[in-house]
Amino acid sequence: MTVNAVSSMGHGVLSVSMVVYRPDQQLLEQTLGSLGVAVKALSRVRSELSVHLFLVDNGGMPDLRRALGLLEQAGIRHTVISGHGNVGYGRGHNLAIEHAPSQYHLVLNPDIDIESDALLTAIEFFEGHPEVGLLTPAILDEGGRLQYLCRRYPTLVDLFVRGFMPHAVRRLFDARLARYEMRATINERDLVWDPPIVSGCFMLFRTDVLKKLAGFDARYFLYFEDYDLSLRAHDVARVVYAPSVRVLHHGGGASRKGLAHIRMFVSSARKFYNRFGWKWL
């Protein structure tokens, strides 16, 4: 494994880890650009700001010299971690987390656009609520609609219906899915304290909480690592859904990514239920 440090990190206010594997270069550059804009907004209020991005190359990372140069201009230092191969999503983030002596750490997907005031709003929320260890934002789709990515503990039926049934059939299970996705609770206005499970596409932690949890469980190669980490986070801190923090998510589900992803989904689901308990109906 090679850790190519561009500059010494020091003790940062914010660190960010992003795991990439054959990413869509345009989406990735959009994500990096939105990170730069959000950090500039944060730096206008936080003169002592230090931000460090860890890019974990699980394979196929494109040439990002232009995008990373713009981040440097925004005051964001970066480190590329490479040479370890495709070790999976959670394990990839752990390679960065172990090098992150920051106050806050953002686990970020390479298909997220961060709204300009999101980081400032999130960190101000943390500073006003010392009991919070993990924050999840309002996550919107490309049409500006809220994605319901806070979840209750899933049953096998919930996962099958949501992940693999055609849309026309899925509508027959709307009431069941609405409960699983907390649709009566999650909106774009109200704080929600302690949602059981939050999405791994944007997880902002107090770094000491994340390190106390030892990051992600490396037994998951892909899928359910965020479910696992969410449930464990409740043991050491409070979790909050804060809709004043907003991001846009371009991602899709396992069933739309082919057979290999379905197999990984099923394998990770088995590990998850073996650890936390099987729930069928």
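The values are calculated or read from the model by the stated rules, or taken from the named source; none is laboratory data. The shown structure was predicted, so the numbers you read here are calculated from the model rather than taken from an experiment. In this analysis, Cβ positions are derived from the backbone assuming ideal geometry, glycine residues included, and neighbour counts consider all displayed protein chains.
Quick one: is LEU49 part of a helix (DSSP H, G or I) and either modelled with pLDDT under 95 or at negative phi (or both)? Judged against the criteria, LEU49 is not a match.
Against the condition among the charged types (D, E, K, R) and in contact with a helix residue (DSSP H, G or I) (Cβ under 9 Å, 6 or more places away or on another chain), how does ARG189 come out, does it pass? When the stated conditions are applied, ARG189 does not pass them. A single entry from LYS271, LYS211 fulfils the requirement of being touching a residue at least 40 places away in the same chain (Cβ under 8 Å), charged (D, E, K, R) and under 27 Å from VAL157 (Cα atoms): LYS271.
On the basis of being part of a loop (DSSP other than H, G, I, E, B), surrounded by 15 or more Cβ atoms within 10 Å (Cβ to Cβ) and in contact (Cβ under 8 Å) with a residue 24 or more places away in the chain, does HIS99 make the cut? The answer is yes for HIS99. For VAL161, the stated conditions hold: it is farther than 30 Å from GLN30 by Cβ and in contact with a Lys or Arg (Cβ under 9 Å, 6 or more places away or on another chain). Picking from residues in the stretch 168-195 that are free of Cβ contacts under 8 Å to residues at least 12 places away in the same chain and of a type in the set (D, E, K, R), the one that is nearest to ARG232 (Cα to Cα) is ASP174. So, of the residues in the stretch 254-277 that are over 18 Å from PHE216 (Cα atoms) and exposed (fewer than 11 other Cβ atoms within 10 Å of the Cβ), which turns out to be modelled with the highest pLDDT? Ranking the qualifying residues of the stretch 254-277, first place goes to GLY277.
The set of residues in the stretch 181-208 that are touching a Leu at 6+ places or on another chain (Cβ under 9 Å) and surrounded by fewer than 17 Cβ atoms within 10 Å (Cβ to Cβ) comprises ARG183, ASN187, GLU188, PRO196. For HIS78, the criteria (1) of a type outside the set (A, V, I, L, M, F, W, C); (2) out of contact with any His (no Cβ under 8 Å at 6 or more places or on another chain); (3) surrounded by 21 or more Cβ atoms within 10 Å (Cβ to Cβ) hold in every case but one, which is (2). Every test in (1) in contact (Cβ under 8 Å) with a residue 40 or more places away in the chain; (2) more than 21 Å from TYR21 (Cβ to Cβ); (3) surrounded by fewer than 19 Cβ atoms within 10 Å (Cβ to Cβ); (4) charged (D, E, K, R) is passed by GLU124 save one, and that test is (1). Residue count for the stretch 26-59, restricted to those that are in contact (Cβ under 8 Å) with a residue 24 or more places away in the chain and under 20 Å from the mean Cα position of the chain (by Cα): 23. For the stretch 154-181, the set of residues classified as out of contact with any strand residue (DSSP E or B) (no Cβ under 7 Å at 6 or more places or on another chain), modelled with pLDDT of 90 or more and in a loop (DSSP other than H, G, I, E, B) consists of PRO154, THR155, listed by residue number. For first residues located in the stretch 225-237 and closer than 15 Å to ASN94 by Cα, partners that are of a type in the set (Ser, Thr, Tyr) and crowded, with 16+ Cβ neighbours inside 10 Å and lie 6+ apart or on another chain with Cβ distances below 8 Å form the pairs GLU225/TYR89; GLU225/SER268; ASP226/SER199; ASP228/TYR220.
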